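Report on the following structure.
The values are calculated or read from the model by the stated rules, or taken from the named source; none is laboratory data. Being a predicted model, the structure only gives us computed values, none of them experimental. No Cβ is skipped: glycine too gets one built from the backbone with ideal geometry, and neighbour counts run over all protein chains shown.
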Amino acid sequence: MCVCESDLIKMKLHLITRRYYPGIKYNEEALGRVADDLGIRFEREIRDLDTDRQADLAATVLNALPESAAGGSGAAGKKQRSGSTAPA
């Protein structure tokens, strides 16, 4: 099985965001757009972020998700930070 770097980035963005907002759904288009907007080209750029930067990144991803992928009330309130400090 072969996985390209862009797929790794999208999955890592999803996993980081899901730690802070557990109700979200994977949305490839929104994740790719966030990665492009932030200039993320390699998974290692987001691999070892501290919890504050992870939380900021998660909020950015959540805000980019369409309502159908944001998980509604299960996502701890769209456009709000959950305050969780779970590591990636």
Members of the range 20-35 that are free of Cβ contacts under 8 Å to residues at least 40 places away in the same chain and within 15 Å of LEU8 (Cβ to Cβ): GLU28, LEU31, GLY32, VAL34, ALA35
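Residues checked against (1) exposed (fewer than 12 other Cβ atoms within 10 Å of the Cβ); (2) at pLDDT below 95:
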| residue | (1), (2) |
| --- | --- |
| LEU13 | no, no |
| VAL34 | no, no |
| GLY39 | yes, no |
| PHE42 | yes, no |
| ILE46 | no, no |
| GLN54 | no, no |
| LEU57 | no, no |
| ASN63 | no, no |
| PRO87 | yes, yes |
Selection within the range 10-27 - of a type in the set (S, T, N, Q) and within 9 Å of the chain's Cα centre (by Cα): THR17
